[in-house]
Amino acid sequence: MAKRKTLDHAEKLSASIVKGMQEKKASHIVVMDLRKVKNAVADFFVICSGNSDKQLDAIAESIDEEVYKALKESPWHTEGKHNKEWMLLDYSNVVAHVFRKDRREFYALEKLWGDADIREIED
């Protein structure tokens with residue numbers, strides 16, 4: 001029973017992250033459900049693209065605000081805020097990835113975690 005509560009929380013967290021991405025017009029948003037993937041590092045990855053340094057900052061800030069507003073949580077760890085190519089907001093069981101478009105293609109997380117259930121969010 002407790003496990004189901006954790007999964008519900010991860011799903012709510014993912015939804016809040018998507019909302020934060022959409023607020024700042026992120027493109028190509030996908031939610032990768034990693035719960036059935038062996039040795040996965042999280043329950044979900046939520047990935048999006050942005051066009052500029054300014055937009056990447058705005059998306060990351062919006063994710064932070066939406067998650068805090070909905071669930072009173074802050075990221076456990078963040079990376080990439082200085083290089084503006086790939087920003088990562090780690091909420092432990094859900095990780096938000098905010099890519100500059102060209103870097104997203106280079107790192108290809110969707111291919112790397114190809115066993116995940118991938119749901120594309122309409123722009």
Inset, instruction - Search segment 27-43 for residues being among the β-branched types (Val, Ile, Thr) and under 18 Å from Ile17 (Cα atoms), and hand back the single one that is modelled with the lowest pLDDT. - result: Val41
Inset, instruction - Say whether the condition of being modelled with pLDDT under 95 and among the aromatic types (Phe, Trp, Tyr) is met by at least one residue in segment 102-111. - result: yes
Legend entry - Residue within segment 69-78 that is aromatic (Phe, Trp, Tyr) and over 25 Å from Leu112 (Cβ atoms) present: no
Inset, instruction - Search segment 86-101 for residues being touching a helix residue (DSSP H, G or I) at 6+ places or on another chain (Cβ under 8 Å) and over 16 Å from Ser27 (Cβ atoms), and hand back the single one that is modelled with the lowest pLDDT. - result: Asn93
Legend entry - Pairs where the first residue, in segment 51-78, is more than 10 Å from Ala26 (Cβ to Cβ) and the second is surrounded by 14 or more Cβ atoms within 10 Å (Cβ to Cβ) and among the aromatic types (Phe, Trp, Tyr), C-beta under 7 Å, 6+ apart: Val67/Tyr91; Glu73/Tyr91; Ser74/Tyr68; Pro75/Tyr91; Trp76/Tyr91
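The values are calculated or read from the model by the stated rules, or taken from the named source; none is laboratory data. Everything numeric in this text was worked out from a predicted model, so none of it was measured. Glycine also receives a Cβ, built like all others from the backbone with ideal geometry; neighbour counts cover every protein chain displayed.
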